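Trainee: Starting off with a structure, shown below.
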Amino acid sequence: MIFDLRRVTSLTRAGARLVAEEFRELAAHHVTVVLSGVKRDSREWKIIREWAGSLSNVRDFYLLDTAIEWAEDQIVYRYGGAIDFHETTELSEQPLLAGLTAEEMTDLASIGTVKHYRRGEKIVSAGDTATSLFFLRSGAVHVTLPDGIRLATLTAGMAFGEMALIESTAPPT
């Protein structure tokens with residue numbers, strides 16, 4: 001259950017205690033409580049932690065979008081799914097490259113590089129010069145705005161950065 005507290009303008013200790021009691025009741029029913037909209041360094045967060053800090057069923061994310069994404073992932077994992085549905089090992093498995101000849105695939109592979117990124121590592125940022133086309137072989141890439149709002153989640157078999165091709169091959173004006 002997600003509680004978005006963005007519009008809560010103030011919180012008293014008594015109010016936090018009442019909410020924490022509800023969180024305890026939800027814990028008895030094996031419900032995870034996800035809080036969003038409260039910064040950890042805020043006065044409200046300190047009050048909430050005072051009453052709900054010992055509860056194991058409480059998670060927190062400042063952004064509602066991040067809270068929703070976490071909850072979605074938990075549902076997928078709970079029912080045996082995974083965000084990394086498959087792994088593509090060959091360029092020929094990439095839908096964007098469908099229709100290329102074997103020779104064209106070989107030429108493309110000869111100029112490409114396989115790179116591995118750590119969880120949370122930034123691949124490209126808004127404003128970077130577009131120089132590369134990426135083919136995602138495994139894992140997931142989250143496309144987010146600078147404030148953390150998620151725009152898309154890309155999974156194995158998807159490509160991104162294709163604007164580099166359009167921009168670099170367009171004739172000069």
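The values are calculated or read from the model by the stated rules, or taken from the named source; none is laboratory data. Because the structure is a prediction, the values reported are computed rather than measured. Methodologically, a virtual Cβ is constructed for each residue, glycine included, from the backbone with ideal geometry; neighbour enumeration extends over all protein chains shown. Note: accessible area is taken over every heavy atom of the protein model, side chains too, but ligands, DNA and RNA are not part of it. Shrake-Rupley method; radii C 1.70, N 1.55, O 1.52, S 1.80 Å.
Trainee: For Val141, work out the one condition from (1) open to solvent by less than 50 Å² (accessible area, probe 1.4 Å); (2) assigned to a loop (DSSP other than H, G, I, E, B); (3) of a type in the set (Val, Ile, Thr) it doesn't fulfil.
Mentor: The number of the failed condition is (2).
Trainee: Could you grab the pairs with beta carbons closer than 8 Å, sequence gap of 6+ or different chains, first residue in the stretch 110-137 and of a type in the set (Gly, Ala, Ser), second one in a helix (DSSP H, G or I) and open to solvent by less than 90 Å² (accessible area, probe 1.4 Å)?
Mentor: Matching pairs, first to second residue: Gly112/Leu91; Ala130/Ala164; Ala130/Ser168; Ser132/Ala164.
Trainee: Restricting the search to the stretch 156-173, which residues are at pLDDT 55 or above, open to solvent by less than 90 Å² (accessible area, probe 1.4 Å) and closer than 16 Å to Ala130 by Cα?
Mentor: Ala159, Phe160, Gly161, Glu162, Ala164, Leu165
Trainee: Could you tell me whether Ala67 is assigned to a loop (DSSP other than H, G, I, E, B) and within 21 Å of Leu154 (Cβ to Cβ)?
Mentor: No.
Trainee: Under 9 Å by Cβ, and 6 or more places apart or on different chains, what pairs join a residue from the stretch 48-60 that is within 19 Å of His30 (Cβ to Cβ) with one that is in a loop (DSSP other than H, G, I, E, B) and open to solvent by 70 Å² or more (accessible area, probe 1.4 Å)?
Mentor: Asn57/His30; Asp60/Arg40
Trainee: Can you tell me which of (1) part of a loop (DSSP other than H, G, I, E, B); (2) open to solvent by 50 Å² or more (accessible area, probe 1.4 Å); (3) of a type in the set (Val, Ile, Thr); (4) over 21 Å from Gly157 (Cβ atoms) is the one Ile75 doesn't meet?
Mentor: Ile75 satisfies every listed condition except (1).
Trainee: Report whether or not Leu108 is closer than 30 Å to Phe160 by Cα, aliphatic (A, V, I, L, M) and not in a loop (DSSP other than H, G, I, E, B).
Mentor: Yes; evaluated as a whole, the condition is true for this residue.
Trainee: Something else: Looking only at the stretch 88-136, which residues are at pLDDT 85 or above, surrounded by 10 or more Cβ atoms within 10 Å (Cβ to Cβ) and aliphatic (A, V, I, L, M)?
Mentor: Listed by number, the residues that qualify are Leu97, Leu100, Met105, Leu108, Ala109, Ile123, Val124, Leu133, Leu136.
Trainee: Okay, moving on. Would you confirm whether any residue within the stretch 45-59 is of a type in the set (A, V, I, L, M, F, W, C), under 19 Å from Thr153 (Cβ atoms), open to solvent by less than 70 Å² (accessible area, probe 1.4 Å) and not in a helix (DSSP H, G or I)?
Mentor: Scanning the stretch 45-59, I find no residue that is of a type in the set (A, V, I, L, M, F, W, C), under 19 Å from Thr153 (Cβ atoms), open to solvent by less than 70 Å² (accessible area, probe 1.4 Å) and not in a helix (DSSP H, G or I), so the answer is no.
Trainee: Quick one: which residue in Thr9, Thr66, Thr32 is over 30 Å from Gly139 (Cα atoms), among the hydroxyl-bearing types (Ser, Thr, Tyr) and open to solvent by 40 Å² or more (accessible area, probe 1.4 Å)?
Mentor: So the residue among Thr9, Thr66, Thr32 that is over 30 Å from Gly139 (Cα atoms), among the hydroxyl-bearing types (Ser, Thr, Tyr) and open to solvent by 40 Å² or more (accessible area, probe 1.4 Å) is Thr9.
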